[in-house]
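Notes follow once the structure below has been shown.
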Amino acid sequence: MTVNLRQLAKLLELSPTTVSRALAGYSDVSTKTRNRVRVAAKKHNYHPSPVAQRLQKGKTETIGIALSPGQNYFKDTFFLDLLAGISVSLSKVGYDLTISVAPDSEHEIDSLRRMVQGKRVDGMILTLTKASDERISYLLDQEFPFVLYGRTEDKRPHAFLDMDGELAFKEACTYLTELGHQRIALINGEPDYMFPAFCFDGYRNGLKSAGLAFDAELVKEWRHGDAELSSYQQTLELMQLPEPPSAIVFQTEAATGILQALQQLQLKVGADISLIGYDDLEIAKTNIPPLTTMRPQASNAGVRLVGILMKILNGCSAENFQEVWQAEMVQRNSTCRINKN
């Protein structure tokens, strides 16, 4: 027979509060009573309500992720790997994950406020960070625990884990210049977001290190939620320049549009033009030829984000957790050597 808290308390001739505190191990309940309650609970198959336990602890044991609207998150295998790492890691430490998607950009901060002010979550993980990010400012003002996957320009102490986009794009450009390329284009994300800004810096530094002049005509930017169409049109524009690029570096989210444009122009990847993407998405592996990429460790990053947030929730200072990881180059068949003459 299974009993509830009140029934168990009645059997023991104790108050429900005493039984609850005894099962929770509170020291104001005698050891004799605690042992008696535990034996009775086991005998009568009593299991405390998880919700009640959470309320008693003053915790939800839930972590929130607030997603920006207009993003194709679930077509992004990198994000899915990151999310899997987060979800599995939270499960191991007894936490749940809640995902909130705002209806539109104007209400994105409202979605975050509902989770925080409604005490629906104990901490937050934020992605797709901007240089000036209202979400981050809000959490810092509220002194609410969080960790970023990305960085921001806010100088107040906070925790983050990011990939070194600057180094990744510099290495990609260096690799291409070593193959003889001198006209290298960049198809980048929105500059309002921090990661594309770092990618742009790496691109410029890579050209500078090789002694190549920066040419603004070779830089294009696509908007979030419109990567495929934008990158298709931008690739056509690049290849129609009087001196078109012989190589393109880009975030792999834009790969479909780039490849469609090159196919329309009857240019062979890895022979007529070289491509290097960032993020080793599925299209990079399955394309013919497969694409050389700079690959971040998404699943490992998800695990680490949870580890950082758990330490912050246990009282560690957030400013002790500011990490930038390197991406690794995965060489495939989308690049070729050309003559400098």
Original post:
Reachable aspartates and glutamates from LYS59, Cα under 19 Å, same-chain residues fewer than 8 places away excluded?
Top reply: ASP96, ASP122, GLU143
Original post:
Restricting the count to DSSP beta bridges whose residues both fall in the chain, what percent are antiparallel, rounded to a multiple of 5?
Top reply: 10 percent
Subject >> Accessible surface, the chain, averaged per residue in Å² (probe 1.4 Å) >> reply: 51 Å²
**OP:** Using θ = phi - 60° and the Karplus relation 6.51 cos²θ - 1.76 cosθ + 1.60, list the HN-Hα couplings for region 160-175 in order, rounded to whole Hz, with x at every Gly or Pro.
**Re:** 8, 10, 9, 8, 7, x, 4, 5, 4, 6, 5, 5, 4, 5, 4, 4
Subject >> Principal axis dimensions, region 116-219 - Cα atoms, whole angstrom, descending >> reply: 57, 21, 21
**OP:** Over 15 Å, how big is the tail of the calculated P(r) for region 225-269, in percent of all Cα pairs?
**Re:** 34 percent
Subject >> Dimensions (Å) - region 276-341, Cα atoms, principal axes, largest first >> reply: 59, 29, 10
Original post:
When the helices in the chain are scored as -39500 (n - 2.57) per DSSP H run of 4 or longer and the sum is shared across all residues, what 222 nm value do you end up with, to the nearest 500 deg cm²/dmol?
Top reply: -13000 deg cm²/dmol
Original post:
What is the projected area of the convex hull of the Cα atoms of the chain, averaged over all directions, in nm²?
Top reply: 21.5 nm²
**OP:** In whole angstrom, note down how far apart the Cα centers of region 286-312 and region 232-259 are.
**Re:** 25 Å
**OP:** Binning at 5 Å from 0, report for region 204-331 what percent of all alpha-carbon pair distances ends up in each bin.
**Re:** 2, 9, 16, 18, 16, 13, 9, 7, 5, 3, 1, 0
Original post:
Mean shadow of region 179-259, computed from the convex hull of its alpha carbons, in nm²?
Top reply: 5.2 nm²
Subject >> Backbone HN-Hα couplings from phi across region 317-323 [Karplus 6.51/-1.76/1.60, Hz, Gly and Pro as x] >> reply: 6, 4, 5, 7, 10, 9, 10
Original post:
Who wins for biggest fluctuation among LEU90, LEU179, LEU23 in a Gaussian network model of the chain, springs between alpha carbons below 10 Å?
Top reply: LEU23
**OP:** Determine, for each peptide in 29-36, 166-173, the mean count of other beta carbons within 10 angstrom over its residues, then list the peptides with the highest first.
**Re:** 166-173, 29-36
Subject >> Apportionment of accessible area to carbon and sulfur, the chain, percent (1.4 Å) >> reply: 47 percent
Subject >> In nm, spacing of pseudo-spin labels at LEU179 and VAL39 (7 Å Cα→C-beta vector) >> reply: 7.5 nm
Subject >> Among beta bridges that DSSP assigns inside region 251-330, antiparallel share in %, nearest 5 >> reply: 40 percent
Original post:
Pick from SER132, SER27, SER100: which is most flexible by mean-square fluctuation in a GNM of the chain where alpha carbon atoms under 10 Å apart are linked?
Top reply: SER27
Original post:
Of LYS220/LYS268; LYS10/LYS311; LYS119/LYS155, which sit over 30 Å apart, Cα to Cα?
Top reply: LYS10/LYS311
**OP:** For the chain, set up a Gaussian network in which alpha carbons nearer than 10 Å are linked by springs, and say which option among LEU265, LEU112, LEU97 fluctuates the most.
**Re:** LEU265
Original post:
Under the Karplus relation 6.51 cos²θ - 1.76 cosθ + 1.60, θ = phi - 60°, what is the ordered set of whole-Hz ³J(HN,Hα) values for region 284-292, x standing for Gly and Pro?
Top reply: 5, 7, 9, 4, 10, x, x, 9, 5
**OP:** Run down the aspartates and glutamates and flag those whose C-alpha is under 14 Å from the C-alpha of LYS130, throwing out any fewer than 8 positions away in its chain.
**Re:** GLU108, GLU153, ASP154, ASP162, GLU190, ASP192
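The values are calculated or read from the model by the stated rules, or taken from the named source; none is laboratory data. None of the values given here were measured: they were computed from a predicted structure. Don't worry about glycine lacking a Cβ; one is built from the backbone with ideal geometry, like all the others, and counts go over all protein chains shown. Side chains included, ligands, DNA and RNA excluded: accessible areas come from the protein's heavy atoms. Shrake-Rupley method; radii C 1.70, N 1.55, O 1.52, S 1.80 Å.
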